[in-house]
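Worksheet for the structure shown next.
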Amino acid sequence: MLAITCQIALLAYHQITTLIDLFPFNGVRNYSGRERLAELGVNGVLMSLGPIGFLFESRGLMLYGVVYYFVLLAIEIVIWWIPYFSIPTGLWRRAYNRMLSVATSDFEKGDTLERWLVTYGRLHSETLTLLPLRRGRIVPNMEHIILHGLTMITAVATLGAYRAASGSDAQGVRITWDGNSKVIVSVPVGSKISWHGVLAGYPHVYITSSNDD
């Protein structure tokens with residue numbers, strides 16, 4: 001329940017701060033219509049899959065959520081926090097520009113960080129921040145500091161929920177074989193049973209319930 005709450009809160013916060021002009025808290029008034037639509041649509045879809053997976057217990061989408069939120073956190077660090085704490089130079093600059101290109105989907109030729117600094121100046125430079133300003137650097141504003149905090153909490157909560165769900169699926173399950181062709185799978189009473197595939201060479205599979213006190 002905690003994971004789903006965090007996932008929905010993150011989705012709602014992102015959509016609200018992208019859709020509604022709350023200047024100087026956010027700089028959405030400076031976005032073009034195309035930029036705002038892309039931000040709303042792409043991230044809205046990607047952020048919706050996690051809570052859908054956990055609400056409907058879809059194992060594939062649950063695993064997607066585990067991976068997605070940590071990848072999202074890494075992208076946020078690349079875009080906002082690395083250029084705040086340092087100015088990449090030399091080989092590190094080249095490596096960072098490649099990471100930033102992937103993180104921002106900016107694959108034009110030239111210096112990606114320089115383009116991001118221009119974009120940052122246009123969109124976010126006049127918004128509120130609690131951090132000391134650093135001339136010529138990206139400075140995470142309040143809108144994104146909160147977003148990144150929510151992302152980190154959601155990533156940890158989602159991982160915990162997935163591990164708990166994976167552990168509960170196998171708890172109390174026993175598989176026995178009589179040495180011939182009979183396999184007995186014993187699960188606790190009330191457990192959900194989901195059968196996938198076949199056991200080659202073992203035509204008789206019995207699923208029984210057990211009361212483990």
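The values are calculated or read from the model by the stated rules, or taken from the named source; none is laboratory data. These figures come from a predicted structure and were not determined experimentally. Neighbour counts are summed over all protein chains in view; Cβ atoms, including those assigned to glycine, are modelled from backbone coordinates with ideal geometry.
Of T127, T112, T154, all but one fail to be at pLDDT 55 or above, under 24 Å from L61 (Cβ atoms) and assigned by TED's automatic domain parsing to the domain that holds I75; the exception is T154. Which one is surrounded by the fewest Cβ atoms within 10 Å (Cβ to Cβ), of the residues in segment 51-78 that are touching a residue at least 12 places away in the same chain (Cβ under 8 Å) and farther than 21 Å from H14 by Cβ? Among those that are touching a residue at least 12 places away in the same chain (Cβ under 8 Å) and farther than 21 Å from H14 by Cβ, it is E57. Of all residues assigned to segment 87-101, at least one qualifies as being touching a residue at least 40 places away in the same chain (Cβ under 8 Å) and either touching a Leu at 6+ places or on another chain (Cβ under 9 Å) or among the polar types (S, T, N, Q) (or both). Checked against (1) surrounded by fewer than 15 Cβ atoms within 10 Å (Cβ to Cβ); (2) modelled with pLDDT of 95 or more, M1 passes all but condition (2).
Listed here are the helices (runs of 4 or more DSSP H) enclosed by segment 1-78 that have at least 2 residues being closer than 21 Å to N141 by Cα and polar (S, T, N, Q): 2-19.
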